[in-house]
Amino acid sequence: MADAKFNPKSVDGTNPQAPEKSRQEKASTVEAAPPPDVIEPDRELTAEERAAIGERAVIKPSFGEAAKGCMVGVEPTLANIKQARDYERKFDWLIQKMITWTKLGNRPAYLRAYNVCGHRTLMWWAMEKGEHPYQLLSWRDLRNYDLMGAVEIIDRLAEVTGMDFFSTEIAITKESGSDRFVLIDYVNDQCDMDPTDSPYSPPEPFCRFICQSLAEFTYRRKQGLPAGMWWAPSASALRPRLRSASIAQRN
C-alpha cells in the first residue's frame, strides 16, 4: 500500500505555519492546490459484499486494456485482491461476480453490442471452444430471442457516457425476464476494426459498416451538415435504432 503523502502546504496553497496576515495575502493570489491522490488500503470484502460476489470472481482494472491485469475465476480473498492491485496501484478496481450465460439456439447467449454514431448494433460474441468469437446477428435473431432489451441498454449507456462510438458486452443468463441481461464490460472505447488482425477479429462486413459510419459522421460534422442516414448526434436525439450486421453485408 502506497500511503498518501501530503506536502507541507494546506489545501488552499498557503503554509499553515506562516503568520496569519501573510497566509491571507498569499491565499488571495494563488489558486487552490488539489489534494494529492489517495490510494485506499487493501481490505477484505464485507460479509454482504462476499455474499453478493460469491466464491469465484473477476478482479480487474475499471479502466483496462485487452484483459491486461485481470484475474478471472479466483476467490475474492484479501490476498487475491492485493495481488491484482499490484498490477497498477493507481487504478480503480472492480470485483465482479462470475456470470454463467445460457444458450439461445445453438449459440452462446453472449453479445457484443455497439453504438456506432447513433446506430445500435448487436453481434453474437463468445470465447468458447469451437466458436468463432464474432457471428453476425440477424433481424430474425432479434425477434426470435427478444433482444430489444439489449438495444435499450446500448441507448442508456450512450446517454450516460455521451459517447458516439463504443461497444459493451452483454451476457444473457436466461431465456426470458427483465433481469436476464447482465453487463460484463461496461464500455469499451477502443473497438477492434481490423478483420485481418487475428482469428478473433470481427467480420469484414461489419468493419466496413463501422468505417463507413465514422467517415460519414466525420464529414458531416466537419462540414456542419445535419445528421444523415448514417448517424445521429446523440442518443437523446434518436429513438432506439438497430443496424443489423447482417444487413451491412449488402453494402
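Would you confirm whether or not segment 36-47 contains a residue that is in a loop (DSSP other than H, G, I, E, B), at pLDDT below 60 and not β-branched (V, I, T)? Checking segment 36-47: at least one residue is in a loop (DSSP other than H, G, I, E, B), at pLDDT below 60 and not β-branched (V, I, T). Might you let me know whether segment 139-150 holds any residue that is assigned to a strand (DSSP E or B) and under 27 Å from P61 (Cβ atoms)? Looking through segment 139-150, none of the residues is assigned to a strand (DSSP E or B) and under 27 Å from P61 (Cβ atoms). Residue check: is V116 more than 18 Å from R140 (Cα to Cα), outside the structural domain of A51 (by TED's automatic domain parsing) and buried (at least 17 other Cβ atoms within 10 Å of the Cβ)? So V116 fits the description; yes. Please name all residue pairs, on different chains or six or more residues apart, with Cβ atoms under 9 Å, provided the first residue is in segment 213-226 and is farther than 12 Å from F165 by Cβ and the second residue is surrounded by 17 or more Cβ atoms within 10 Å (Cβ to Cβ) and among the basic types (K, R). Listed pairs, sorted by first residue: P226/R220. Beta carbons closer than 8 Å, at least 6 apart along the sequence or on distinct chains, pair a first residue in segment 108-119 that is within 15 Å of D192 (Cβ to Cβ) with a second that is at pLDDT 90 or above and not in a strand (DSSP E or B) for A113/A150; A113/V151; A113/I153; A113/I154; Y114/I154. Within the set T218, T196, the sole residue that is on the phi < 0 side of the Ramachandran plot, more than 21 Å from the chain's Cα centre (by Cα) and not in a loop (DSSP other than H, G, I, E, B) turns out to be T218. I want to confirm something. Restricting to segment 68-125 and keeping residues that are modelled with pLDDT of 90 or more and among the aromatic types (F, W, Y), which single residue is nearest to E44 (Cα to Cα)? Out of the qualifying residues, it is W101.
Scanning segment 186-201 for residues that are closer than 26 Å to Q96 by Cα and either surrounded by 15 or more Cβ atoms within 10 Å (Cβ to Cβ) or not acidic (D, E) (or both) yields Y186, V187, N188, Q190, C191, D192, Y200, S201.
Restricting attention to segment 155-183, the residues that are closer than 20 Å to L104 by Cα and surrounded by 15 or more Cβ atoms within 10 Å (Cβ to Cβ) total 9.
The values are calculated or read from the model by the stated rules, or taken from the named source; none is laboratory data. Treat the numbers as computed from the prediction; the structure is a model and nothing was measured. All Cβ positions, even for glycine, are placed from backbone atoms using ideal geometry, and neighbour counts span all protein chains on display.
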